[in-house]
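Structure first, then comments.
Nothing in this text is a laboratory measurement; each read-out follows from the coordinates by a stated rule. These numbers come from a predicted model, not from an experiment. Every residue, glycine as well, gets a Cβ built from its backbone with ideal geometry; the counts of neighbours run over all protein chains shown.
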Amino acid sequence: MTKTLENLRAAFQKLYGREPRFFRAPGRVNLIGEHTDYNDGFVLPMAIEYETIVAAAVREDRKIRVRSVNLDEAGEIDLDAPEIVRRGSWLDFVEGVARILERRGAKLRGVDLLIESSVPSGAGLSSSAALEISVGLALTESSASPIDKIQLALIGQAAEHEFVGAKVGIMDQYVSALGRRHHALLIDCRSLEATQIPFAAQDAAIVICDSKVKHELADSEYNTRRAQCEEGVELLKEFLPGITKLRDVSVEDFAKYESKLPETIKKRCRHVVMENERTISAAKALKNNDLAEFGRLMWLSHASLRDDYEVSCRELDLLVEVAQKSRLVLGARMTGGGFGGSTVNLVPLEYVDEFTEKITTEYKQQTSIESAVYKTGAADGAGEMTF
Ligand code: ADP
Ligand code: MG
């Protein structure tokens with residue numbers, strides 16, 4: 001048992017006076033396939049080695065008592081009392097998962113929970129999905145009411161929609177639930193079919209650089225982009241009658257008809273059509289252990305997000321530029337919605353330390369901002385921790 005777990009177990013015993021079981025779910029990073037999800041396209045995330053652990057023991061009643069070590073806050077939910085929706089705190093995630101599980105047929109027992117996470121919160125590594133999935137697993141397993149991982153992911157997403165009020169896609173919960181060590185997960189956001197893509201980590205690591213900035217624009221621009229994609233589909237339908245989403249437009253067809261689109265719509269659609277193609281190619285490259293090709297596609301993805309989709313920002317561009325100039329990485333790009341957040345870098349193992357040093361120093365010099373850097377391989381999705 002690791003030190004973290006020993007401490008968590010000791011804290012649990014002190015708090016609740018019983019012996020817990022432990023459940024975990026990881027955060028995630030998207031390697032490629034950005035702004036493709038709501039266009040019914042492809043994404044290629046992986047689970048990371050930063051995770052949320054839930055210690056749990058059943059109670060005789062139907063109460064969920066829960067404490068977060070990270071926030072040093074506690075709360076209580078009575079499953080037989082009326083639901084509370086969007087109270088505006090982290091308890092929304094816990095309540096949401098519990099209530100949606102029950103609505104979909106699980107009969108939950110009361111539990112005492114103690115939660116501790118190494119996923120940085122708000123860095124774009126989906127601490128929220130890690131929380132939903134680890135809590136969902138703890139609740140169902142403690143109630144001897146197991147559910148499959150895909151259902152668990154969908155319940156996490158529904159909880160975030162309804163109880164938190166965040167209109168998120170399915171990627172985060174999917175990969176947190178279904179991720180596999182040494183694999184990335186290619187997700188078809190239309191069929192929800194997911195394919196494990198081997199990502200042998202003996203040669204390179206993923207290094208995530210958090211720019212620590214978050215520009216105001218993010219939400220409004222996100223909605224604008226979604227609308228622009230829909231407008232593109234409407235315009236292209238005249239020439240391609242069968243399409244419903246940009247996912248349906250091939251690179252060849254797009255080349256044929258792009259001149260019919262207004263300039264801005266054309267750029268937005270070009271990003272999505274090309275990014276879908278890049279994501280499929282990247283999955284193939286990864287499978288073939290062609291990390292150079294994977295890296296090349298990452299650079300292209302960033303350029304496309306910067307120039308065509310216009311969702312990058314000065315800080316993200318700087319992080320990618322420093323990475324490129326350093327010649328220490330195989331590929332780098334912004335990851336997540338944009339206008340701040342993190343970049344993801346594919347770095348040969350022997351350069352990881354040098355790169356980390358370089359990127360933090362140069363970023364600090366040019367922006368006066370202290371970035372945060374996380375090195376990781378591809379981790380397993382959610383599960384019970386056994387010893
Ligand atoms: P991200 O998912 O990118 O980290 P979100 O804003 O979606 O950012 O989710 C962060 C929120 O999730 C936090 O503000 C908090 O409400 C909740 N959360 C995540 N991890 C924990 C934790 N260990 N304890 C309590 N709440 C957590
Ligand atoms: Mg989140």
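Axis angle, to the nearest 10 degrees, between helix 127-142 and the longest C-alpha principal axis of the chain: 40 degrees.
Net charge near Leu300, counting Lys/Arg +1 and Asp/Glu -1 over other residues with Cβ under 13 Å of its Cβ? Summing Lys/Arg as +1 and Asp/Glu as -1 gives -1. Contact order for the stretch 2-200, expressed relative to its length and based on alpha carbon pairs under 8 Å spaced 6+ residues apart, stands at 26 percent. Determine the sum of side-chain charges near Gly17: Lys and Arg each +1, Asp and Glu each -1, restricted to other residues whose C-beta is under 13 angstrom from that of Gly17. Computed value for this residue: +3.
Other residues with beta-carbon under 10 Å from the beta-carbon of Phe254 carry, at +1 per Lys or Arg and -1 per Asp or Glu, a net charge of -1. Extending 7 Å from the Cα toward the beta-carbon at both Glu231 and Ser368 defines two label points whose distance is 3.8 nm. Amide H contacts under 5 Å for Ser117: Ile53, Asn70, restricted to partners 5 or more places along the chain or on a different chain, H placed in the peptide plane at 1.01 Å from N. Between Arg59 and Gly110, Val111, Asp112, the built amide H atoms are under 5 Å apart, and every one of these is 5 or more places off in sequence or on another chain. Among the lysines of the stretch 2-200, pairs at least eight places apart or on separate chains and with Cα atoms under 21 Å apart come to 5.
Angle of helix 218-237 to the longest C-alpha principal axis of the chain, folded into 0 to 90 degrees and rounded to 10: 50°. On a per residue basis, the convex hull of the C-alpha atoms belonging to the chain measures out at 144 Å³.
Using helices alone, I'd like the mean residue ellipticity at 222 nm for the chain: each DSSP H run of four-plus residues gives -39500 (n - 2.57), total over residue count, nearest 500. Taken over the chain, the calculation gives -13500 deg cm²/dmol.
Across the chain, the mean sequence separation of Cα contacts (distance under 8 Å, 6 or more residues apart), normalised by length, yields a relative contact order of 23 percent.
For the stretch 17-61, the relative contact order works out to 50 percent when only alpha carbon pairs closer than 8 Å and six or more residues apart are counted.
Using the Karplus curve 6.51 cos²θ - 1.76 cosθ + 1.60 with θ = phi - 60°, what ³J(HN,Hα) values do you get for each residue of the stretch 147-164, in whole Hz, with x for Gly and Pro? Once rounded to whole Hz, the list reads 10, 6, 5, 5, 4, 4, 4, 5, 5, x, 5, 4, 4, 5, 4, 8, 9, 9.
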